[in-house]
Amino acid sequence: MTRTSVAGPFKATSLGSGAWQLTALPAGAEILLRGVPADAPEWLTDARLDVLDIEWRADGVRLTSSAGGRVRLLTVDGAVIHEPAKALYEALPLAGFDAGARRFWKRIFRLMRLPGGRFLLGLFARRARSAAANAGPNVP
């Protein structure tokens with residue numbers, strides 16, 4: 001059983017055939033619901049919908065909302081959440097470049113765009129490798 005919470009307020013849009021899209025404002029997650037009961041539109045379009053708890057279960061998806069201090073339940077067939085990329089990747093330990101590394105790689109790619117730039121970079125790399133090989137081990 002998986003569970004998540006999404007903070008509102010929400011904008012509800014009917015997609016027809018029992019499908020709805022809830023968009024967390026401002027520019028937040030999008031929740032796509034399918035198999036929404038016919039009596040649910042007033043529940044979904046409630047302007048006071050503050051927080052939506054989504055719980056995926058074996059018999060469907062249970063939505064629990066708090067709107068104006070009142071807790072309400074709704075069970076739908078399925079739910080998919082699309083989170084904005086920025087919020088999605090913030091929790092991952094992704095590598096980044098500091099200012100010096102960005103400046104270095106900008107110069108390398110600028111050099112590669114010049115006619116003969118690849119050849120010139122190859123020469124620099126060959127010279128650096130041969131200088132390191134000739135230096136030998138650093139033993140005191």
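Key figures
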| read-out | value |
| --- | --- |
| Residues within the stretch 2-48 that are within 21 Å of the chain's Cα centre (by Cα), over 16 Å from R62 (Cα atoms) and not small (G, A, S), tallied | 7 |
| Scope the stretch 12-31; condition surrounded by 15 or more Cβ atoms within 10 Å (Cβ to Cβ) and under 24 Å from Y89 (Cα atoms); matching residues | Q21, L22, T23, A24, G28, A29, E30, I31 |
| Strands (runs of 3 or more DSSP E) wholly inside the stretch 50-140 containing at least 2 residues that are surrounded by 11 or more Cβ atoms within 10 Å (Cβ to Cβ), at pLDDT below 85 and more than 22 Å from the chain's Cα centre (by Cα) | 60-67 |
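The values are calculated or read from the model by the stated rules, or taken from the named source; none is laboratory data. This is a predicted model, so every value here is computed, not measured. Glycine gets a Cβ as well: all are built from the backbone with ideal geometry, and neighbour counts include every protein chain shown.
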